[in-house]
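The numbers here are math on the coordinates, done by the rules we state, and not lab data. These numbers come from a predicted model, not from an experiment. Here the Cβ is made from the backbone with ideal geometry for all residues, glycine too, and neighbour counts use every protein chain on show.
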Amino acid sequence: MERLWWSELGTPVGRIGLLTGSRGLVRIVLPNEPDADAAPGGNAEAERQLAEYFAGERRTFDLELDPRGTPFQRRVWDEVAAIPYGRTTTYGELARRLGLPRAHRAVGAANGDNPLPIVVPCHRVVGSNGHLTGYAGGTGMKAFLLGLEGPLPRAGELPMAWTERRTAEQPSLLIGPRSTHIFCRPTCRYSTRLRHVPELFDSPAEAVARGYRACRVCQPA
Ligand SMILES: [Zn+2]
């Protein structure tokens, strides 16, 4: 029988379980999920990197991973793993990137079955209008992770304060509410009225390539 090891890590969102096999991290168990049945044993490197992530000091993970699923699920998880830190995408966009534009429900289901949440950042996949759809750890945890990474305000942070913080970190950032598909400079009055998670773009060209038009008020392009 295969040997698996289990360890736990305290984080700002609660106790996270790590299930590790001989080829790497097999499963990350979020706070409200059932514990795995395995022998106690640490994954010090995964614990260290996750602690750094929660401290805001790490943006990518460098770990041996052993996610187990069907070939289709593995394809979806690989694509999810490529979503950069601090960015969000939609189920529809993910399906298009996989060359399966009509399979967004199957893609969404595979995303929901991701055995390595946080490391394979399924929390960066949101509904088409930016709504935080289901998450194994709860939508509150999803909001926390997106607040930590930046695309969402942190708990209690108003949209204006969030915009000012993001602009200070990256002055060239452009913001595109999904409801309008119009992109703005962060200083535009329209970008301070966000109620849902918007798209973030590094350049006008990126925004246009994603199907957004330039705002006529702040003229970001
Ligand atoms: Zn604007």
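For the range 25-101, what does the alpha-carbon gyration tensor say about shape, rounded, prolate or oblate, given a ≥ b ≥ c as the root eigenvalues, a/c under 1.5 as rounded, and a/b over b/c as prolate?
Because a/c hits 1.5 or more and a/b fails to exceed b/c, the range 25-101 counts as oblate.
Only helical DSSP H runs with n ≥ 4 go in: add -39500 (n - 2.57) per run for the chain, normalise by residue count and round the 222 nm mean residue ellipticity to 500 deg cm²/dmol.
Details: 7 runs with 66 residues, N = 221.
Result for the chain: -8500 deg cm²/dmol, rounded to the nearest 500.
Counting DSSP beta bridges in the chain, what percent are antiparallel, to the nearest 5?
70
Note the angle between two axes, namely the Cα long axis of helix 71-81 and the longest principal axis of the Cα atoms of the chain, as a number of degrees from 0 to 90, rounded to the nearest 10.
With rounding to tens, the tilt is 50 degrees.
Ala209 versus Asp113, label points 7 Å from Cα toward the beta carbon: distance in nm?
For Ala209 paired with Asp113, the spin-label model returns 3.1 nm.
Expressed as an acute angle from 0 to 90° and rounded to the nearest 10, what is the orientation of the C-alpha long axis of helix 139-149 relative to the principal long axis of the chain?
Between helix and principal axis, roughly 70 degrees.
Which of rounded, prolate or oblate describes the range 58-123 when judged by the alpha-carbon gyration tensor and an a/c cut-off of 1.5?
oblate
Relative to the longest principal axis of the chain, what angle (0 to 90°, nearest 10) does the C-alpha long axis of helix 44-54 take?
20
Calculate I(q)/I(0) for the chain by the Debye formula, one identical point scatterer on each C-alpha and no solvent, and give its log10 at q = 0.10, 0.14 Å⁻¹ to two decimals.
Per q value, in the given order, log10 I(q)/I(0) is -0.47, -0.88.
List every residue whose amide H lies under 5 Å from the amide H of Thr89, counting only residues 5 or more places away in sequence or on a different chain, with H placed 1.01 Å from N in the peptide plane.
Val125, Val126
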